[in-house]
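What follows is a short report on a single structure.
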Amino acid sequence: MSSGTLYIISAPSGAGKTSLITKLLEGLDDAEMAVSHTTRPQREGEIDGKHYHFVSADQFLAGIGNNEFLEHAHVFGNHYGTSKKAIEDITNKGIDVILEIDWQGAQQVRNLMPEAKSIFILPPSKVELEKRLRGRGTDSEEVIANRLEQSCADMTHYDEFDYVVINDDFEKAMGSLESIFQANRVTLAKQQEKNTVLLDELTEV
């Protein structure tokens, strides 16, 4: 059986990353989202193991001490992280895993799993980015200004990634994302891993 691939997908706020990933997963076989671990309280309607793996602070800190996380961060008083074993359990079944994290987390993951594929999603312009951030209609001017500043800082790290997708037209961006997954599934190494018997038969002299 061919092993799955870990895909890191990052983007600045407002680039449309979540919408693209949701649509991508609807039409892509043998792919799923990574489920992170967190110490924050479980909210109503959330399912342990689906939305997050909910653990205690002691369990999380023990995991850090045992080097169990590919990446982890402390945000607003809570810990968040991605278990290396959880990723390996999925990829060992031949399933691709999507890890949606920021560029800093991506750096941590690449250091531990350099074979992972990384994708950065960009907006078509700063004007469009601001328009999308304002389009949410729920944030104050101060929040929008802070998010725009942070997004612009995030975008300077695009060149650390293997692939860059510009989300100008949603369907075209979707096509680009899907083509990355499909192309990586038919590399020489993947075909030799998945179709060993067939390739041996076809090339037997």
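The values are calculated or read from the model by the stated rules, or taken from the named source; none is laboratory data. Since we're looking at a predicted model, the values are computed, not measured. Every residue, glycine among them, receives a Cβ derived from its backbone with ideal geometry; neighbour counts consider all protein chains shown.
Overview of results
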read-out	value
Of all residues making up segment 73-93, the number that are farther than 11 Å from residue 37 by Cα and in contact (Cβ under 8 Å) with a residue 40 or more places away in the chain	5
Output for segment 156-194, where each listed residue is over 16 Å from residue 21 (Cβ atoms) and among the aromatic types (Phe, Trp, Tyr)	158
Whichever residue in segment 163-205 is in contact with a Pro (Cβ under 7 Å, 6 or more places away or on another chain) and over 17 Å from residue 25 (Cβ atoms) and, among such residues, is surrounded by the fewest Cβ atoms within 10 Å (Cβ to Cβ)	168
Helices (runs of 4 or more DSSP H) enclosed by segment 147-205 - at least 1 residues per element that are touching a residue at least 24 places away in the same chain (Cβ under 8 Å), in contact with a strand residue (DSSP E or B) (Cβ under 8 Å, 6 or more places away or on another chain) and not aromatic (Phe, Trp, Tyr)	170-184
Scan of segment 122-146 for residues that are in a helix (DSSP H, G or I) and among the basic types (Lys, Arg), ordered by number	126, 131, 132, 134
Among (1) more than 18 Å from residue 85 (Cβ to Cβ); (2) modelled with pLDDT under 95; (3) surrounded by 14 or more Cβ atoms within 10 Å (Cβ to Cβ), the one test that residue 31 misses	(2)
Residue that is farthest from the chain's Cα centre (by Cα), among those in segment 66-95 that are surrounded by fewer than 18 Cβ atoms within 10 Å (Cβ to Cβ) and part of a strand (DSSP E or B)	78
Among the residues listed as 63, 45, the single one being modelled with pLDDT of 95 or more, of a type in the set (Gly, Ala, Ser) and not in a strand (DSSP E or B)	63
